[in-house]
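What follows is a set of notes on a single structure, which appears directly below.
The values are calculated or read from the model by the stated rules, or taken from the named source; none is laboratory data. This is a predicted model, so every value here is computed, not measured. Here the Cβ is made from the backbone with ideal geometry for all residues, glycine too, and neighbour counts use every protein chain on show.
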Protein chains: 2
Amino acid sequence: MVNATTTLDGQPFSRAQFEALLKRRLFYTEAFEIYRTAPNFHGDNRGLFDYGPPGCALLNNIINEWRKHFVIEENMLEIDTTGITPEPVLKTSGHVDKFADWMCRDPVKGEYLRADHLVESVLETRLEKSRAATSDGKNKADKLDDATAKEFEEILAKIDNYGGPELRDLIKKYDIRNPNGNGEVQDPIAFNLMFQSTIGPSAASPVYLRPETAQGQFLNFRKLLDFCQGTMPFASACVGKSYRNEISPRSGLLRVREFLMAEIEHFVDPEGHKHHERFSEVADIELPFLEKDTQLSGKTTLTTVSIGKAVETKLVDNETLGYFLARVYLFLVKIGVDKTKLRFRQHLANEMAHYACDCWDAELLTSYGWIECVGCADRSAYDLSVHSNATGTPLVVKEARPEPLEITEWKASLEKKLVGPRFKKDAKKIEAAVASLGQDALGALADELASKAVITVPTAELADGKTSVELSSEICSIDKVTRVENTREYTPNVIEPSFGIGRILYSVLEHVFWHRRQDSARQVLSLPILVAPTKVLLVPLSNNPGFRPVVKSLASRLRALGIANNVDASGVSIGRRYARNDELGTPLGITVDFDTLSNGTITLRERDSTLQVRASEDEIIEAIKNLIAGTESWEQVSKRLPAFTGQGQDGQGQDGQGQDDRWDN
Amino acid sequence: MVNATTTLDGQPFSRAQFEALLKRRLFYTEAFEIYRTAPNFHGDNRGLFDYGPPGCALLNNIINEWRKHFVIEENMLEIDTTGITPEPVLKTSGHVDKFADWMCRDPVKGEYLRADHLVESVLETRLEKSRAATSDGKNKADKLDDATAKEFEEILAKIDNYGGPELRDLIKKYDIRNPNGNGEVQDPIAFNLMFQSTIGPSAASPVYLRPETAQGQFLNFRKLLDFCQGTMPFASACVGKSYRNEISPRSGLLRVREFLMAEIEHFVDPEGHKHHERFSEVADIELPFLEKDTQLSGKTTLTTVSIGKAVETKLVDNETLGYFLARVYLFLVKIGVDKTKLRFRQHLANEMAHYACDCWDAELLTSYGWIECVGCADRSAYDLSVHSNATGTPLVVKEARPEPLEITEWKASLEKKLVGPRFKKDAKKIEAAVASLGQDALGALADELASKAVITVPTAELADGKTSVELSSEICSIDKVTRVENTREYTPNVIEPSFGIGRILYSVLEHVFWHRRQDSARQVLSLPILVAPTKVLLVPLSNNPGFRPVVKSLASRLRALGIANNVDASGVSIGRRYARNDELGTPLGITVDFDTLSNGTITLRERDSTLQVRASEDEIIEAIKNLIAGTESWEQVSKRLPAFTGQGQDGQGQDGQGQDDRWDN
C-alpha cells in the first residue's frame, strides 16, 4: 500500500524533518520574514514565498526541462504575456463574476474565514471527538448518533461542491462557529480572488493581476495562427507568474498567492474526433486513472490501463487529451515524481470550471494528501468564442474545402428604401432583429408571409415601448437561396494542460526525500541529475594549498561544459561536506587528494549509493558528461571504472558503516 | 561618425521598416490588442506588451546566457523572490515617498501629462519653429531672440534634473500649455509610480508590485550569508518582472509598465578599497566612458581607456565596480550589441538615485537616442542599514579579527535603582538618550560632570514638555573603559548591476537589423547564433513526399542535441522561405533536395553571407554543433567543406544576383 508517509526506502516520512531540511538549505523561505515583527506589518501578508539558491536552480531546471519536453519537442509557439490585465478581458472570461470563494466574517474577532474550510474543520473536529468519546462514560456529550455522523461524513465528501447558500444553510443547521472564540459568523459572501489595481494616472481604469496565463494566449490566437501560416492543429505555451488572493493561504508552497504556472493551449479542429498525429507513440503507456464513476460510488480505486485503451473505451474523451495525459506522466516521472504517488483524477461534472467540458487532474500524493498539480482540461470553444463576441474580432480558422459545399437556406431581405423612412430611429434594431432569425424561424415566417402577407418579428425594445414589429411583404421578403461555400470556417477547441510549477516542485521534493538507514540525521534528496540544482560538488581533501589550482581548473572545465558545480573548501570533514550536499540533492562529488597530486587521478562519488570510483580527470569528466546526458547509468560507470575503497571515502557501500576516517574530523 | 540611423552595413536605418518587420514576424505585440476597440476598454491600458514566439525565444536565450555569464561563472546565489510587496518594506526603501514623477493635469481635456515631457516637447517645438522661421519674412513671429533660444537649450540639457517646483516655474514663465488643445495645465503634482493593491480578505493591508527586484535580495541577506557559510564577498542575483505605472508610456519596448529585470547585488567589505579577486582578468579591456566632467561642460566626447587604467586614475571608483563594467560590456557584445553604439555614462551627482554613491549606466544608441540599459550603481550600505533599522534585525557580517582589537572609550552608566523612581514614565526615554550619546559628547560631558557634578542631556519630549534632562553625578557616571573585540562587525556595501532585459533586447534588434544591398525589401536580423530564436531552418526543396522522412529525421537529430530548429515545408519558393527566416534571425538553413535522396548530402546556408556548403548529414551536423559552441567560425566551415554553387541556392555570393532559380517560384 502506497503511503504519503513512506519515503523512497520505505521508512516513515517525517514532515518536520523534511521541512527543517528545506529551511536549513534555503530551498525556500517565507517572503519578508524579517518584517514579521516590524511595526505596522499586517498579518494578512502571508502566502508569499521566496526561493533560495537551490530552490531557484531547481525551479529553473524544471522549467528548462518543461520547455524541452513540451515546447521544443512539439514546436509549440511559446509566448510571454503580460500579468497586468484590464478588467474587460477578465469580465469576458468570466473571472470578474465567477472567480471567487465564499467567506464568512466573525464580527467579534474581526476574522475572515473561508466558508468551506470552516464547515470542514468544525465537522471533522466533531467527528473526531465523537470517535474518541464513549456513548455512556467519557465525554458522553460529544458522541454523535449514527445518523448524524453519517450525515457529516457525506457532507465532508462533497465539501468542494457547495455554493454560498448551501454553506450558509449548513452553518445555520449545525450551529457552526469560529473555532477561535466560538463566535457566530455572518452569512457567507463571495470574495473575488483576483488582486485589483488601477493603471495610468487617472485611476479610472481597473486592472487585475492575471489568475492564469491562458487568457493572454487566447487574445493572441489570430496572430499565432498567422505566425504558423494557418497550420492546424498548433499549440501555444506560456510560462509566467499568476496570482490568487487566497482567503486563507496554508500548506506552505501548496496554497500561495503568487505562483509560477506553465500552460499549454493546444488548438484543435472539433471535427475529426480530435485525433492526434503522434498518439501512437504513447498509446502503450499505462496510466493510473481515478474515474468519475468510482468517485461517485465513494471509492478511490485506481484503474490502470494503457492510454490507448482508455481512449478506445472513451474513458478519456479523445486522442489529443489522451496524448497530453501520457506526455504529462512522462514529464513528471522524468523530473523525480514517484510513479506510485501519481494518479489522474477525472473531474466530476459539478466541479468543472465554467469553461471546461472534460477535465483530468494529475494529482501527486504528499503528506498533505493528493494534490492537484497539473490540470488537463478540454476547454472546448468557450474562450475563443466569448472573446470574439466581446471584441467583434473573428477568432476562427478558415480552411479551403476539399470540395465546394452547396448550401440552400432561408434568407430574409428588407427593402432598405422603405425601412429607414418608416421606422426612423428603430430601423437599426429592426434590421438586427431580422438578421438574427434562425433557419427554423425563417421557415415558419416564410409560410406566414406567403399566407398573410404580414409577419410579427420580436425585437429589442422600440421607441414606442413594444418588443416586436409587424412587417408587410412589401417591406420584407423571405426566400430560399443557394450559395456555394469554398472555405470552411470554425472556432477551434482548446485542450489545456496547465502546470502549477511550485506544487510540482514541492511534491517532487517530498518524493525524493529519505534518510540513510543507519542515521536518521543523514538525510538525502535523491533529485534526478536532470533537475538537481548543482550537478557536481568539488572537495579538496584538506586546505593544503596544493589542491587549490587543481580544484580551480576542474571547476573551470566543468563550467565550460555548462555543468553547474560548487566548490566546498570549508574546514569541516569531507563526510560533513558530502552530507551537506546530499541534503542539497547534489548527485555527484569529486575529491581531490594527495594521490591527485602524484598521479592525476580523482574520485567520483555517487550520492545515493555513496560509492566511489577513481580515475583520471579526463575519464571522470567523460563519465559525468555521460551521466548528465543520460547515455550512461551510474551502474555502468561503476562497473567500467575502478572502485575506490581506500582512505578518502565517506563510508563503504553502506554509508558510514565502513572505516569512515573523515566523517568526524 | 557612428549614427543610430546607420545599419550594420552602413545603409540608412528606417524605423518604419524595422518596426514593420518586428510586427510581421511577431517579435512582440501590444497586449490585449483585440480589445482596443471593445466597449469599456480604457485608453490608459497602454505600455503593456506580449512577446511572440521569436521574441520570447530571444528573451529566454538572453536570460540563459546572462545566467551562464554572470550567475554560473561567478557562483552567484540566484534567488526567485516575490513581486507583491507589503507597504512597510517599500516605505523603508524610500519608494513609497520618493518613487514618483511630476505630472500636470489639463482640466479641460481631462488629460494627465508628465511635467518634464511637457516642458521638453513644448520648448523643442518652439526651437524647431524658430529655426525654420526667418527673422524678417516667413513666420516671423516664431523667431526667438538669441538669448531665449540659448535659455531653452540650457533648460533642455538639464531637463532630467528639475523637481516639481522648478517645473512649475518653467511652465508659468514660458506659458507652457497642453499641445493638444492649448489649454492651461495645473501645477505639477507628484505621482507615485507603483501599482497598488491590497492583500487578504480584510483589504486592510496595502501592497505594491515591486519596482525593482533588489529589495527581495536585501531582505534575504542574512540567510544568503549563512548559505554561503559566511564567505565574503558574495553576490545574489534575481531575474523577474518589475512594474512602473508610467504616466505616459511611449517608445515601444523602451518605456513600459511591466518589464523583465535581471539584477545582481554584490556584497563587499567597504574596507580594503573594494578590491576584486578577478579584476586582473579584465583589466586590459578598453571601455568607452562618458565622464561626469565632460557632461558638465556640455559635451559628449568619449574617453576610451582600459578599465585597469580607469580604476587606477579613479575615473571609476573601485575594482569591483570596474570589474562589473567590463563584464557587462563583454555580455552585451556577446549577445549582439554593436560595440560602436555602446557607452558607459557616469551619473551626475544630482541625478543619482537616493541610495547610490556612484553610478555608471551602460547606454545603447538606438533610433530613440542613447538608452539606459544597464545601471551599475554602488548603493553603499544604504539598503541593508535602513532595513536593519526598520526591523531590528542585524544585517551585518561578523568576522573573526586576525588579532584581537583593544578599544578604549567613554561609557555612561545610569544608577537603575534611582532612575525608575525619580523619572517614572520618562525613564525609558532618558535611558535611550544617554545610550545614544556619541564619544565626543561623552568626553565633554565627563569633564562637565567632574567639574559641576551635574550635566544636561538632550532627550525626546518628556512628560513636562521639556526636551532635556539634568542628571547628577549620583545618578549618572561617565568613565573610560577598555574592552577587547575579537570579532569585527560591519554592514557590507552593495555594488548593483541592474539589467533592463526588454530594453537590451530592443536595442540588440535595432543593432542587428539591415537589408541586402540589392533589395531593401530583403531584410535581415543578424542575431548571434548564441541568442537566435531558432538555430536551424529545415527546408525540403519541394513537397515531394520523398523529402519528408529525411527532414523529419534531421529535425529529431537536432532536437536530441538540444538545437532549436524549424521546418518550413510551405509551398512557396526556397528563396522566400530563406527570406522569411532571415527576418527571424535564423542563422543556418539546411536544404534537402534530390541529391540528398541519391547521395545523402545536404546543403548548409549561412544567413549573413547567403553562402552554402554541401556535405554529408554527419558532417553538416558536426559543423552546426561547432558553430553553436563557438569552436568554429563560418569562415572556417566554408573553407573546410565544399562550396555549393549549383541549382539549389538562393543566390550566388551576392545574394539574389546569381542564377536564383528559386526566389520567384
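Odds and ends about this structure:
- Here residue A:198 clears all of (1) in contact (Cβ under 8 Å) with a residue 12 or more places away in the chain; (2) part of a strand (DSSP E or B) except the condition numbered (1).
So that you can scan it fast, the table gives a plain yes or no per residue for (1) more than 30 Å from residue A:178 (Cα to Cα); (2) modelled with pLDDT of 95 or more; (3) of a type in the set (D, E, K, R):
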{"position": "A:65", "(1), (2), (3)": "yes, yes, yes"}
{"position": "A:68", "(1), (2), (3)": "yes, no, yes"}
{"position": "A:73", "(1), (2), (3)": "yes, no, yes"}
{"position": "A:78", "(1), (2), (3)": "yes, yes, yes"}
{"position": "A:81", "(1), (2), (3)": "yes, yes, no"}
{"position": "A:87", "(1), (2), (3)": "yes, yes, yes"}
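- Residue within region A:522-545 that is basic (Lys, Arg), in contact with a strand residue (DSSP E or B) (Cβ under 7 Å, 6 or more places away or on another chain) and either more than 20 Å from residue A:261 (Cβ to Cβ) or in the same structural domain as residue A:218 (by TED's automatic domain parsing) (or both) present: yes
- Screening B:553, B:542, B:570 for residues that are touching an Asp or Glu at 6+ places or on another chain (Cβ under 9 Å), among the hydroxyl-bearing types (Ser, Thr, Tyr) and outside any helix (DSSP H, G or I) leaves exactly one candidate, B:542.
- Selection count, region A:549-565, where residues are surrounded by fewer than 18 Cβ atoms within 10 Å (Cβ to Cβ) and either within 13 Å of chain B (Cβ to nearest Cβ) or touching a helix residue (DSSP H, G or I) at 6+ places or on another chain (Cβ under 7 Å) (or both): 7
- Criterion applied to A:19, A:78, A:33, A:111 was being crowded, with 17+ Cβ neighbours inside 10 Å, charged (D, E, K, R) and more than 30 Å from residue B:565 (Cβ to Cβ), and the one residue passing it is A:111.
- Hits in region B:291-327 - residues which are among the acidic types (Asp, Glu), more than 20 Å from the chain's Cα centre (by Cα) and part of a loop (DSSP other than H, G, I, E, B): B:317
- Selection count where residues are within 18 Å of residue A:573 (Cβ to Cβ) and in a loop (DSSP other than H, G, I, E, B), scope region A:586-600: 2
- Subset of region B:50-75 [among the aliphatic types (A, V, I, L, M) and surrounded by fewer than 21 Cβ atoms within 10 Å (Cβ to Cβ)]: B:63, B:72
- Pick from region B:33-60, criterion in a loop (DSSP other than H, G, I, E, B) and touching a Phe, Trp or Tyr at 6+ places or on another chain (Cβ under 8 Å), ranking: nearest to residue A:238 (Cα to Cα): B:52
- Here residue A:90 fulfils each of the conditions (1) in the same structural domain as residue A:237 (by TED's automatic domain parsing); (2) more than 25 Å from the chain's Cα centre (by Cα); (3) among the hydrophobic types (A, V, I, L, M, F, W, C) apart from (2).
Residue by residue, here is whether (1) within 14 Å of another protein chain (Cβ to nearest Cβ); (2) part of a helix (DSSP H, G or I); (3) touching a residue at least 12 places away in the same chain (Cβ under 8 Å) holds:
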{"site": "A:577", "(1), (2), (3)": "yes, yes, yes"}
{"site": "A:602", "(1), (2), (3)": "no, no, yes"}
{"site": "A:624", "(1), (2), (3)": "no, yes, yes"}
{"site": "A:628", "(1), (2), (3)": "yes, yes, yes"}
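- Within region A:156-176, restricting attention to residues that are acidic (Asp, Glu) and surrounded by fewer than 16 Cβ atoms within 10 Å (Cβ to Cβ), the residue that is nearest to residue A:142 (Cα to Cα) is A:175.
- Test: residue in region A:568-583 that is surrounded by fewer than 21 Cβ atoms within 10 Å (Cβ to Cβ) and aliphatic (A, V, I, L, M): yes
- Residue list for region B:201-233, restricted to those being part of a strand (DSSP E or B) and either buried (at least 22 other Cβ atoms within 10 Å of the Cβ) or facing another protein chain (nearest Cβ under 8 Å) (or both): B:205, B:207, B:208, B:209
- Sole residue being out of contact with any strand residue (DSSP E or B) (no Cβ under 8 Å at 6 or more places or on another chain), facing chain A (nearest Cβ under 9 Å) and either under 19 Å from residue B:243 (Cα atoms) or of a type in the set (Gly, Ala, Ser) (or both), chosen from B:20, B:57, B:16, B:38: B:38
- Which listed residue, of B:260, B:287, is at pLDDT 95 or above, within 26 Å of residue B:383 (Cα to Cα) and surrounded by 19 or more Cβ atoms within 10 Å (Cβ to Cβ): B:260
- When the criteria are applied in full, residue B:299 fails the requirement of being more than 14 Å from chain A (Cβ to nearest Cβ), at pLDDT below 95 and on the phi > 0 side of the Ramachandran plot.
- Residue A:96, sole failed condition from (1) within 11 Å of another protein chain (Cβ to nearest Cβ); (2) within 28 Å of residue A:248 (Cα to Cα); (3) out of contact with any Cys (no Cβ under 7 Å at 6 or more places or on another chain): (1)
- The single residue among A:245, A:192 that is more than 9 Å from every other protein chain (Cβ to nearest Cβ) and not basic (Lys, Arg) turns out to be A:192.
- Looking across region A:92-123, the residues that are free of Cβ contacts under 8 Å to residues at least 60 places away in the same chain and assigned to a helix (DSSP H, G or I) come down to A:97, A:116, A:119, A:120, A:121, A:122, A:123.
- Condition met for residue B:90 (of a type in the set (A, V, I, L, M) and more than 7 Å from every other protein chain (Cβ to nearest Cβ)): yes
- Taking the numbered list (1) more than 25 Å from residue B:388 (Cα to Cα); (2) not in a loop (DSSP other than H, G, I, E, B) in turn, residue A:74 passes all entries but (2).
- Applying the condition of being within 14 Å of another protein chain (Cβ to nearest Cβ) and surrounded by fewer than 19 Cβ atoms within 10 Å (Cβ to Cβ) to region B:359-392 and asking which residue is nearest to residue B:267 (Cα to Cα) yields B:385.
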